[in-house]
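The values are calculated or read from the model by the stated rules, or taken from the named source; none is laboratory data. For clarity, every value in this text was computed on a predicted model and none was experimentally measured. Neighbour counts run over all protein chains shown; Cβ positions are idealised from the backbone, glycine included. The accessibility values were calculated without ligands, DNA or RNA, using every heavy atom of the protein model including side chains. Shrake-Rupley method; radii C 1.70, N 1.55, O 1.52, S 1.80 Å.
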Amino acid sequence: MEVAEGEEAVRRVQSLTQSGLSQVPPQYIQPPQTRPILPFHPPQTQHIPIIDLFGFDPTHIQSTRDSIARACRDWGAFHVINHGVPTSLLHHIRHAGLSFFNDLSMPDKLRYSCSPGAAATEGYGSRMLVNHDDADQVLDWRDYFDHHTFPLSRRNPNKWPEFPSGYRETVAKYGDEMKNLAQKLMALISESLGLRPSCIEDAAGELYQNITISYYPPCPQPELTLGLQSHSDMGFITLLIQDQVSGLQALKNCGGDSESWVTVEPLEDAILVILGDQTEIITNGKYKSCVHRAITNPDRARLSVATFHDPAKTVRISPASELIDESSPAKYRGVVYGDYVKSWYTKGPEGKRNIDALLLES
């Protein structure tokens, strides 16, 4: 058992960092075309929009919808403030995640390991986005803990860490608050296109939620690595919070074929909303899913908490019929979400190639 745990520990990025290595192992080195360009933080002329939800005050509802529509068209992502989630809860979930990664011994952390060789299983791991059949795939410089939180039938807090005190209660409460916020945001996104408020949520069937706490250890060669490879999320909507260390980047279309990576600067009490591929499909491309990635840092660890909201695997997602007519034909073929997930993990993420495979010829 000790040998197995030792072999498993070597595959954790944090354990590599703690070993004092000065060069990253070959399997973490990105090909030249996907490596980040230094410096990491050049002066930015573009920034992710910040939208004030005013606590969902109905007197501000129209201006909020308009702001959301612009952000969904132009970015596929936006920060929200005055969102109604207690800021103390944001601090508590970040603290819980940091305590798990920094204060537990490796043997204690390995008690919660994901099932080896399987994609996106619940628990402590390092290879969520990896195609396990591709021996040459480059690995992300990241460890994570993934929690299944909705539907409630999937929620089993006994699979979550007991330390620090209150960890399980914090994750459960955070999941409840994020689901409530996601439902409100999906309603606003639907309304901003003239659809009934429940359009997106109805299409989802029973809403599935996962909470992934990601830990990006310091990297001795950040110019060669990525903490998280370029991808768009599979589902409907992701709600993400960061700590004070920059690292998340969004791909912005600057007109024509010109694109640039924009660093999403951390905002302590804001929540970042990221549109996923199923929202792009159901809005018939009027709103775009956001391609994003994470870069690494030579000196400081970084932590983020991403809460994913996805359809049931058996549900078929297609462009909303209200958005289809002779002048605006369907741009995407419908897809059963479980099939989409399987394809996503088989091919690997790589930007938007999975949703692009659903494009219909115009």
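Couple of notes before you dig in:
- Report summary: the helix-based calculation at 222 nm, which adds -39500 (n - 2.57) for every DSSP H run with n ≥ 4 and divides by the residues of the chain, gives -8500 deg cm²/dmol.
- Taking every alpha-carbon pair under 8 Å whose residues sit at least 6 apart, region 135-276 reaches a relative contact order of 26 percent.
- Dipole in debye (nearest 20) - region 86-207, about Cα centre, beta carbon charges: Lys, Arg +1; Asp, Glu -1: 340
- For region 187-200, Karplus couplings with θ = phi - 60° (6.51, -1.76, 1.60), whole Hz, Gly/Pro x: 5, 5, 5, 4, 4, 5, 9, x, 8, 5, x, 8, 4, 5
- Members of Lys288/Lys331; Lys179/Lys331; Lys286/Lys352; Lys184/Lys313; Lys184/Lys252 lying beyond 19 Å, as alpha-carbon distances in this model show: Lys179/Lys331; Lys184/Lys313; Lys184/Lys252
- For the chain, built as a Gaussian network whose Cα springs stay under 10 Å, the top-fluctuating residue of Tyr332, Tyr124, Tyr144: Tyr332
- Put a dot 7 Å past the Cα of Ser318, heading toward its Cβ, do the same for Asn156, and the two dots end up 3.6 nm apart.
- Residue-by-residue Karplus 3J(HN,Hα) for region 204-219, coefficients 6.51, -1.76, 1.60, Hz, glycine and proline x: 6, x, 7, 6, 9, 9, 10, 10, 10, 8, 9, 10, 10, x, x, 10
- Here the accessible area is traced with a 1.4 Å probe on the protein chains. For region 49-175, carbon and sulfur cover 50 percent of it.
- J(HN,Hα) series, region 87-100, from Karplus relation 6.51 cos²θ - 1.76 cosθ + 1.60, nearest Hz, glycine and proline x: 5, 4, 5, 4, 5, 5, 5, 5, 5, 4, x, 4, 5, 4
- Linear extension gain, Ser19 paired with Arg196, 0.36 nm per residue minus alpha-carbon span: 58.3 nm
- Trp261, Trp75, reordered so the largest accessible area comes first (probe 1.4 Å): Trp261, Trp75
- Dipole of the chain, positive end: most advanced residue of Val341, Gln18, Asn297 [Cβ charges, Cα centre]: Val341
- Separation between Cα centres of region 315-336 and region 39-109, rounded to whole Å: 30
- Computed log₁₀ I(q)/I(0) - Debye formula, equal Cα scatterers, no solvent, region 84-205, q 0.22 Å⁻¹: -1.22
- Annotation: amide H-H contacts under 5 Å for Val85 (H modelled 1.01 Å from N, sequence separation of 5 or more, or interchain): none.
- Backbone N atoms of region 273-310 closer than 19 Å to the 7 Å Cα→Cβ label point of His47 belong to residues 273-274.
- Answer label, with Cα extents along the principal axes in Å calculated from the coordinates and candidates (1) 95, 67, 32; (2) 84, 40, 33; (3) 63, 44, 42: (3)
- For the chain, the longest principal axis of the alpha carbon atoms and the long axis of helix 61-74 meet at an angle near 60°.
- Rounded percent of accessible protein surface that carbon and sulfur make up, region 259-362, 1.4 Å probe: 48
- Candidates Leu248, Leu207, Leu152: whichever shows maximal mean-square fluctuation once the chain is modelled as a Gaussian network with Cα springs under 10 Å: Leu152
- Loop-located trypsin sites (Lys or Arg not before Pro) in region 295-355 whose Cβ has at most 12 other Cβ within 10 Å (DSSP): Arg333
- Length-normalised contact order for the chain - Cα pairs under 8 Å, 6+ apart - percent: 20
- Computed from Cα positions, the angle between helix 337-347 and the longest principal axis of the chain comes to roughly 50 degrees.
- Interchain or long-range residues, amide H under 5 Å from Lys288's placed H: Gly76
- Region 227-362: relative contact order as a whole-number percent, Cα under 8 Å and 6+ apart: 31
- Per residue, the solvent-accessible area of region 202-361 (1.4 Å probe, heavy atoms of protein chains only, all protein chains present) comes to 37 Å².
- Given their separation in residues at 0.36 nm each and the Cα-Cα distance between them, His91 and Asn180 gain 30.2 nm when the chain is fully extended.
- For Asn297, nonlocal amide neighbours, meaning residues 5 or more places apart or on other chains whose placed amide H falls under 5 Å from its own, are Cys219.
- Around the Cα centre of region 152-285, unit charges on the Cβ atoms of Lys, Arg, Asp and Glu (plus for the first two, minus for the last two) sum to a dipole of about 440 debye.
- Computed magnitude of the charge dipole of region 185-246 (debye, nearest 20; Cβ of K, R +1, Cβ of D, E -1): 60
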